[in-house]
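Q: Can you read through this structure? Questions will come right after.
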Amino acid sequence: MPQAVHLNGHPADRLPNTLNISIDNVIGEEVLAATPGIASSTGSACHEGKAEPSTVLTAMGLSRERALGALRLTVGRWTTERDVDAASDQLAQSVQTLWSNRER
């Protein structure tokens, strides 16, 4: 899905353990709901439970749609490459399923 995934933020000047991406044609909260094995969020903890796009992402110039499709992914000290690969596969499967369901 490389054409549908977009990095939010600077490519190098960022926290080394945190990734914020947007995925086209999905709502981040729907992706997370469809991927129960992933502990992630769609924004900062202080905005949890709000169905609005991140004010930080919109202030960065992202469209409402792109900001709503955002996921914030963080790894910890004990996260392995295998964990990252498994999470990536699970998220991709959830997005594919959401896309398929919308086409119907």
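Q: Determine the relative contact order of the stretch 26-104: mean sequence separation of Cα pairs under 8 Å and six or more apart, normalised by residue count, in whole percent.
A: Over the stretch 26-104, the number comes to 43 percent.
Q: Would you work out which of PRO36, ALA59, TRP78 lies farthest towards the positive end of the dipole of the chain, given +1 charges on the beta-carbon of Lys and Arg and -1 on that of Asp and Glu, about the Cα centre?
A: Of the options given, the answer is ALA59.
Q: A further question on this structure: Nearest 500 deg cm²/dmol is fine: what mean residue ellipticity at 222 nm does the chain get from its DSSP H runs of n ≥ 4 alone, each adding -39,500 (n - 2.57), divided by its residue count?
A: My calculation for the chain gives -11000 deg cm²/dmol from helical runs alone.
Q: Still on this structure: Using the Cβ atoms and a cut-off under 13 Å, what net charge is assigned to the surroundings of THR97, where Lys and Arg are +1 and Asp and Glu are -1?
A: Combined, the nearby Lys, Arg, Asp and Glu give -1.
Q: Where Lys and Arg each count +1 and Asp and Glu each count -1, what net charge lies around MET1 among other residues with Cβ under 12 Å from its Cβ?
A: Net of charged neighbours comes to -2.
Q: Mind putting together the pair-distance distribution for the chain? All Cα pairs, 10 Å bins, whole percent per bin, short to long.
A: Pair shares across the bins are 14, 49, 33, 4, 0.
Q: Spelling out what I want: for every residue of the stretch 89-104, take phi, set θ = phi - 60°, compute 6.51 cos²θ - 1.76 cosθ + 1.60 (Karplus), and round to whole Hz; glycine and proline get x.
A: Result, ordered by residue: 4, 5, 5, 4, 5, 5, 5, 4, 5, 4, 4, 4, 5, 6, 6, 6 Hz.
Each value in this text was obtained by applying a stated rule to the coordinates, not by laboratory testing. Remember, it's a predicted structure, so these values are computed and weren't measured experimentally. We place every Cβ from the backbone using ideal geometry, glycine too, and count neighbours over all the protein chains shown.
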